[in-house]
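For reference, the structure discussed in these notes is given below.
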Amino acid sequence: MNEHAMIIFLLIVIVFAVMSAAIAYIFLLKLKKRNEAVVNLRMKKDFLYSLYRLAIKFKPLKKYMEKIRKRIEILDLSDEWTIGRKTMRFTLISLGISAVVLGILLGLSHNLFFAVISVFTVYIIHNQIMKLLVDRLDNNILKQFEVFLGNVRHHYHEHGMIDEAIYDSIGECDYEMSLHANRMYEILTDRNIDDRVEQFYETAPNKYMKTFIAMSYLVQRFGDKTVEGKSVYLNNLNYLKQEINMEMLRREKLGYLLQSLSAIAVFPIFTVNLIRKWAVSNIPELHEYYDGVYGFLAAGMLFILALTAYQLIGRLQSDSGYTVPENKLLTILVNIPFFRYITGVLLEKKYSRSLKYERLLNRTQSRMSIHEFILKQILYSVAAFAVGIIVILNVHWIARQNLLYSSLNLKLADYNPNIDRKAELEQLEFDRKYINEFKNRQITFHELEEAIRQKENYSDSQAQAAALRILEKINKYRSHVFKWWELLICILIAAISYHIPYWMLLFRERVLRISMEDEVKQFHTIILMLMHLDRISVEDILHWMEQFAEIFKPSIQKCINCYEYGDRQALEQLLIDEPYPPFARIVENLISAADKITVEQAFDELKLEREFYMEKRKQDNEITVARKGMWGKFIAFIPMGATILLYLLVPFILVSTKQMINFSNEISKLF
C-alpha cells in the first residue's frame, strides 16, 4: 500500500512538473513576442534604463557616466537601450560598492589618518572594479574575434570572396562579435568604402580589428595574390591569429603573476593601528614615538609608499597600448597672461634646454606645447614646496601640542597603576599655564621660580622642581619653529620636483620602445599585403603607413608633404627624424624601391624577417611577463617591509637605546 501510494505521488509530481514546464514555455514565448513587438515600451519600463535616463540629468554623474559609456561603446556596438543599461549597471556596481566600503571604513576610523586611508582604499577599490569590468569586455571581444577569424578563413576557402566570408561568419559569432562583424560587412559593401574605412580606424576597439579591416579592404579593392602557391590574405590572417593568441596568453600569464599584488601593496597601512596597539601594550614607552613627530612622519611615509606601489603595479598590469595623456588644465592655465609671461621668460632664459625639451615632447608624441611643459614643471615645483612647508609646520605643531597636552607618564597611567592619572592631568594643566604665559618672553630659571613661588603655595624644593621642568618645556616649545635649514630642504625638494616631468618624459620614451615595435609590426603586415600589388608606389605605401601610425605619424606626414619636392630627400629626412633601427630598415627599403628596384624586390626578405620577428615576439613576451612579475612582487612587498622597519623595529630600537642610556647614567651616578 505504501509502495502504491509512493508511485501515485511520484506520478503526480511528474505530471505537475511537465505541466509547469509547458506553461512556463508558453509564457516565455508570449513574453518574447511581446518584447520583440514593443521595444520602445521595454525601454520606458526597464528599471536600469529608466534610472540611466534619470542619472544623466545630474552633471557630476553625467560626466562620470559618459566616461564609462565611451569605454563601453568602443567595445560593444549594441543599441542605445543595451549600452544605457550596461553603463548604469557599471555605475551602480562601482559607485555602490565604493560607497558601502567608504561608509564602513569611515565609521571605523578614529582619526584623520585612517579617514584618509579609507578614502584611498575606496579609490583603489573603485579603480579595480572599473578595470575588471572593462577588461572583461575587452578580453571577451578579443577571444570572440579570434574565433571569428577562423570562421572567415573557412568561408573564404569556399568561395574566395571576403565580404561573403564575413557575412557567412556573422551567424556563427557570439552576440558582441556579431555586431562588430556586421559593421565590418557594411563597411566593405558600402559605396563610400574609403571614408567608412577611415572612420573605422578612428573607432576600432583594438589594433587587431583595425589590421583585419585593412587587410580585407585591400582584398576587396585589389584582389588577393598567390605567392609560392599560398594566398597572401590567408597568410596574413594566420599572422594576425598568432598575434591575438600571443596577446591573450600574455594577458593570462601577467594576470596570474600580478593577481592580488595591489591588495598586498596596500594592506600594510591597515596594520599600522594594530601594530601600534600591540607594541604599546607590551612596551608603553612606545607612545612617545607613535603619538609624536616620528609616528606622523612614519605613517605619512608608509602612505606615500603604498600609493606609489599601487600606481606602479597598476602600470605593470595595464594592457593598454601607448596613450597620450590629456592636458586640459595646463591648456587653460597657459592661456592666462601671467602664466604665459612666466613660461615665456623661462623659455628665453633657457632656450637651448627648451629646444631639448621640445624635441623630447615630439619624440614622445605628447600633446603638450613647450609652454605647457614648462608650466607643468613650475606647478610640480610649487606644489612640492608647499607640501614640504605644510609637513614641517605640522611636525612642529604636533611637537608643541604634545608638550602642552600630553606626557609619557600620562600615557603610562593606563598601564601602570602606580601612576596617578588625575595628578598627571593637573600637572599638565599647571605647566601649560606657565608655558603659555612665558613662551614669548625671555625668562631665567630664578625668575620663573620666583613667579611660581609667588603665585602658588609651593615650598622651595617644589618651586625649583616645577621651574626646572617648565623651563625645559619652554625651551623645547621655542625650539619647534620653522628653521632656515628646513627652508633649504623645501627648496631642495622643489628643485628635485621641478625635474620630475622631464624624468617622466624620459620614462615614457623608454616605454615607447615597446609601442614602436608593435607599430613596426603593423607596418610589416601592411607592406606584406601591398608589396605584391601591381603598380604600387612608395608614396602609396607611405600613405598606408600614415593611416596606421601613431608614434611615427608626424614624421611620416612630414615625409609625405615633402615627397613631391624630392622623394629621396624626403625619405632620408625621415631616416634622420626616426632613427629607430627596425623602422629605419623599412625606410631604407623604401629608398631602394624609389631609386632602383621594385617594391616587391625591396621587401623580398620581409617574409623571413616576419617569421623571425614572430618567434622573437614570443620570446620577448615571456621575458617581459617574467620581468613584470618579478618587479611586481618586489614593489608589492616594499610597503610591508617598510612597515616592519619603520613602525616596528625602529621604535623598539629607539626605546631600547634610550632605556640603555638611562640605565648607564643611573649606574654612573652610583660610582
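The values are calculated or read from the model by the stated rules, or taken from the named source; none is laboratory data. Fair warning: this is a prediction, and the values are worked out from it, not measured in the lab. With ideal geometry, Cβ positions are generated from the backbone for all residues, glycine too; neighbour counts draw on all protein chains shown. Surface areas here come from the heavy atoms of the whole protein model, side chains and all, with no ligands, DNA or RNA. Shrake-Rupley method; radii C 1.70, N 1.55, O 1.52, S 1.80 Å.
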*Under the rule of -39500 (n - 2.57) per DSSP H run of 4 or more residues, summed and divided by the residues of the chain, what mean residue ellipticity at 222 nm is obtained, to the nearest 500 deg cm²/dmol?*
-27500 deg cm²/dmol
_Full-extension gain in nm, Arg53 to Leu360, via 0.36 nm per residue minus C-alpha separation_ = 106.0 nm
*How much FRET efficiency would the formula 1/(1 + (r/R0)^6) give for Tyr123 and Lys607, where r is the Cβ-Cβ distance and R0 is 51 Å, rounded to 0.05?*
0.55
_To the nearest 20 Debye, how big is the dipole of segment 242-311 about its Cα centre, given +1 on the beta carbon of each Lys and Arg and -1 on that of each Asp and Glu?_
160
*Quick one: accessible surface of Glu509, probe radius 1.4 Å, all protein chains present, in square angstrom to the nearest 10.*
60
*Would you pull out the residues with amide H under 5 Å of Val227's amide H, same chain only if 5 or more places away, H placed 1.01 Å from N?*
Val232
_Sites Ser260 and Ala584, calculated FRET efficiency, Cβ-Cβ separation with R0 45 Å, nearest 0.05_ = 0.60
*Per-residue accessible area for Asp534 at 1.4 Å probe radius, Å² rounded to 10?*
110
*Accessible surface, per residue, of the chain when the full set of protein chains is kept, probe 1.4 Å, Å²*: 58
_Rounded percent of accessible protein surface that carbon and sulfur make up, segment 590-664, 1.4 Å probe_ = 66
*Measure out, as a whole number of angstrom, how far apart the alpha-carbon centroids of segment 516-530 and segment 361-400 sit.*
41
_segment 230-338, relative contact order [Cα under 8 Å, separation at least 6], %_ = 35
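Multiply the residue gap between Val116 and Phe507 by 0.36 nm, knock off their C-alpha separation, and tell me the result in nm, one decimal place.
Values: separation 391, 0.36 × 391 = 140.76 nm, distance 2.96 nm.
Going from the current span to full extension adds 137.8 nm.
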*Taking a spot 7 Å from the Cα of Asn621 along the direction of its beta carbon, which residues of segment 248-274 have an amide N less than 18 Å from it?*
248-258
*Shape of segment 399-492 from its Cα gyration tensor (a ≥ b ≥ c, root eigenvalues): rounded if a/c is under 1.5, otherwise prolate when a/b > b/c, or oblate?*
oblate
_Answer label, with volume of the Cα convex hull per residue in Å³ calculated from the coordinates and candidates (i) 329; (ii) 163; (iii) 175_ = (i)
_Just to confirm a number: summing +1 for Lys and Arg and -1 for Asp and Glu over residues other than Leu393 whose beta-carbon lies under 13 angstrom from that of Leu393, what do you get?_
+1
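Can you figure out the FRET efficiency of Trp484 with Lys62, using R₀ = 45 Å and their beta-carbon distance, to the nearest 0.05?
Calculated value: 0.30.
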*Sorted by accessible area with a 1.4 angstrom probe, largest first, how do Trp544, Trp631 fall?*
Trp631, Trp544
*Rank His446, His180 by accessible area, highest first, at a 1.4 Å probe radius?*
His446, His180
*Placing +1 at every Lys and Arg Cβ and -1 at every Asp and Glu Cβ, with all other atoms neutral, what dipole size does the chain have around its Cα centre, in debye to the nearest 20?*
2120
*Under a 1.4 angstrom probe, counting protein chains only, how are Val650, Val382, Val272 ranked by accessible area, largest first?*
Val382, Val650, Val272
_Added length on full extension, which subtracts the Cα-Cα distance from 0.36 nm per residue, Asp190 to Leu132_ = 17.3 nm
*asked:* Please give the Cα centre distance for segment 598-624 versus segment 184-238, rounded to the nearest Å.
replied: 21
*For the residue pair Val650 and Gln199, what label-to-label distance in nm results when each label sits 7 Å from Cα along the Cα-to-beta-carbon direction?*
6.1
*Whole-Å distance, taken between Cα centres, linking segment 459-499 and segment 628-649*: 33
*Rank Asn140, Ala309, Asn238 by how far each Cα sits towards the positive end of the charge dipole of the chain (+1 on Lys, Arg Cβ; -1 on Asp, Glu Cβ) and give me just the farthest.*
Ala309
